[in-house]
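Asker: My questions all concern the structure below.
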Amino acid sequence: MSINPDLQGRSYPAAEVYDVGREKIREFARAVKATHPAHFDVDAAQALGHSDLVAPPTFAIIIAQRADAQLIEDPDSGIDFSRVVHADQRFVHHRPIVAGDRLVAELHVDGVRAMGGGAMITTRSEIFALAADDSRESVSTTTSSILVRGEGQ
């Protein structure tokens, strides 16, 4: 199956809520070798003006990849995940992610470009924190490009 060129302009709504916990931040920080005390010690984070532990900047990838999964799992997309190569990832942070955040992401397909027998797909995840009143605060925007290799590539 080939990549559906009509994917460009498609959006996937925010789905599952991701609850950011202290241990999730600590585990991620260890995994990416982020050693700043604000990732591990609440007092250190609060001394910097944060309400709780602050996540490393790349923590947003966890939420973005959950949004990307909606596209990958969409049978109408034509994407065979076994043929996907991650090409690029960028982050624009509007505010830090901290323990206690309840995050959701909306996915937007910004580009689909044929390349040989495959395609380059560019997506944008808008990540929001949910407040108790269900209002949303913009947290991060992530942009990702994936190359879906064609048959025989």
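The values are calculated or read from the model by the stated rules, or taken from the named source; none is laboratory data. These numbers were taken from a predicted model, which means no experiment stands behind them. Quick reminder, even Gly has a Cβ in these numbers, built from the backbone with ideal geometry, and neighbours come from all protein chains shown. To get the accessible areas, we keep the full protein, side chains included, count just its heavy atoms, and leave off ligands, DNA and RNA. Shrake-Rupley method; radii C 1.70, N 1.55, O 1.52, S 1.80 Å.
Asker: Between residues in segment 3-27 that are more than 12 Å from Phe59 (Cβ to Cβ) and among the small types (Gly, Ala, Ser) and residues that are surrounded by fewer than 18 Cβ atoms within 10 Å (Cβ to Cβ) and modelled with pLDDT of 95 or more, which pairs lie under 6 Å by C-beta distance while being six or more apart or on different chains?
Answerer: Ala14/Glu106
Asker: Kindly indicate which of Phe91, Phe59, Phe40 is of a type in the set (Phe, Trp, Tyr) and over 14 Å from Ser125 (Cβ atoms).
Answerer: Phe40
Asker: Further question: Within segment 9-38, track down each residue that is over 24 Å from Arg136 (Cα atoms) and not charged (D, E, K, R).
Answerer: Listed by number, the residues that qualify are Phe28, Ala29, Ala31, Val32, Ala34, Thr35, His36, Pro37, Ala38.
Asker: Does Ser125 satisfy the criteria of being among the polar types (S, T, N, Q), on the phi < 0 side of the Ramachandran plot and open to solvent by less than 40 Å² (accessible area, probe 1.4 Å)?
Answerer: yes
Asker: Pairs under 8 Å by beta carbon, first residue charged (D, E, K, R) in segment 52-65, partner at pLDDT 95 or above and open to solvent by less than 20 Å² (accessible area, probe 1.4 Å), six or more apart or different chains?
Answerer: Asp52/Ala45; Asp52/Val98; Asp52/Ala99
Asker: Quick check on Gly150: is it open to solvent by 10 Å² or more (accessible area, probe 1.4 Å) and more than 15 Å from the chain's Cα centre (by Cα)?
Answerer: No: the conditions fail for Gly150.
Asker: Are there any helices (runs of 4 or more DSSP H) wholly within segment 1-116 with 1 or more residues that are at pLDDT below 95 and either open to solvent by 70 Å² or more (accessible area, probe 1.4 Å) or not charged (D, E, K, R) (or both), and if so which?
Answerer: Helices (runs of 4 or more DSSP H) meeting the threshold: 60-73.
Asker: Something else about it: Kindly indicate whether any position in segment 132-141 is part of a strand (DSSP E or B), open to solvent by less than 10 Å² (accessible area, probe 1.4 Å), under 23 Å from His36 (Cα atoms) and in contact with a strand residue (DSSP E or B) (Cβ under 6 Å, 6 or more places away or on another chain).
Answerer: yes
Asker: Here's something else I'd like to know. Does Ala119 satisfy the condition of being assigned to a helix (DSSP H, G or I) and open to solvent by less than 10 Å² (accessible area, probe 1.4 Å)?
Answerer: Judged against the criteria, Ala119 is not a match.
Asker: Could you give me the residue pairs with C-beta distances under 7 Å whose first residue belongs to segment 87-98 and is in contact (Cβ under 8 Å) with a residue 12 or more places away in the chain, whose second residue is in a loop (DSSP other than H, G, I, E, B) and exposed (fewer than 14 other Cβ atoms within 10 Å of the Cβ) wherever it lies, and which are 6+ apart or on separate chains?
Answerer: Val98/Ser51
Asker: Across segment 40-55, what is the total count of residues that are farther than 11 Å from Pro96 by Cα and among the acidic types (Asp, Glu)?
Answerer: Total meeting the criteria: 2.
Asker: Restricting to segment 85-114, what's the tally of residues that are in contact with a Leu (Cβ under 7 Å, 6 or more places away or on another chain) and more than 21 Å from Gly21 (Cα to Cα)?
Answerer: 5
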